[in-house]
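Okay, structure first, notes after.
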Amino acid sequence: RWIAGACAAGWLLTGVLWWRSRRLARSPPELPAVADVGEPRAWKALRSALAGGDPAASRRQLAVWLRTLPGAQKNSALLAQARALGGEELAAALAALDAALYGRGADLWDPAALDAAARMTRRRHGAGSGTADEDSALPPLYPTG
């Protein structure tokens, strides 16, 4: 009789743990909403990640920034989004980033190519034209220092 009770308790414990693990795994982490971020803020986060030379952070911030550009498709793959918005230059830079992340030679990745392709994409879409940053041809109106 005690064996049946122990087996029933084991099954009950297994069922509770399985239910709990399913509940926790239900909500995957998502990228921030475009309305929450905005293009200038996403651009600064991408530039910061590129300056730090972190491939994983750069890829994550590139995905966020691309979603802020006009014409971005919400549920499209990152490579397709990069090709559609930035052309082959951005797609090639993303492919090199992916090779560094998921292949051998993460230390060989040069963020300058992705930075240049992202700048070209930003100029092409006219994003950030209302803000004064280092891409602007004009000096800042109120320089610091």
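The values are calculated or read from the model by the stated rules, or taken from the named source; none is laboratory data. All figures in this text were calculated on a predicted structure; none of them were measured in a lab. Glycine also receives a Cβ, built like all others from the backbone with ideal geometry; neighbour counts cover every protein chain displayed.
Miscellaneous remarks
- Of all the criteria given as (1) surrounded by 13 or more Cβ atoms within 10 Å (Cβ to Cβ); (2) modelled with pLDDT under 85, the one not satisfied by residue 62 is (2).
- Within region 94-136, the set of residues being among the aliphatic types (A, V, I, L, M), closer than 18 Å to residue 45 by Cα, at pLDDT 85 or above and surrounded by 13 or more Cβ atoms within 10 Å (Cβ to Cβ) comprises 94, 97, 113, 114, 116, 117, 118, 120.
- Residue satisfying all of: in region 66-76; more than 21 Å from residue 54 (Cα to Cα), of a type outside the set (Ser, Thr, Tyr) and free of Cβ contacts under 8 Å to residues at least 40 places away in the same chain; surrounded by the most Cβ atoms within 10 Å (Cβ to Cβ) among these: 72
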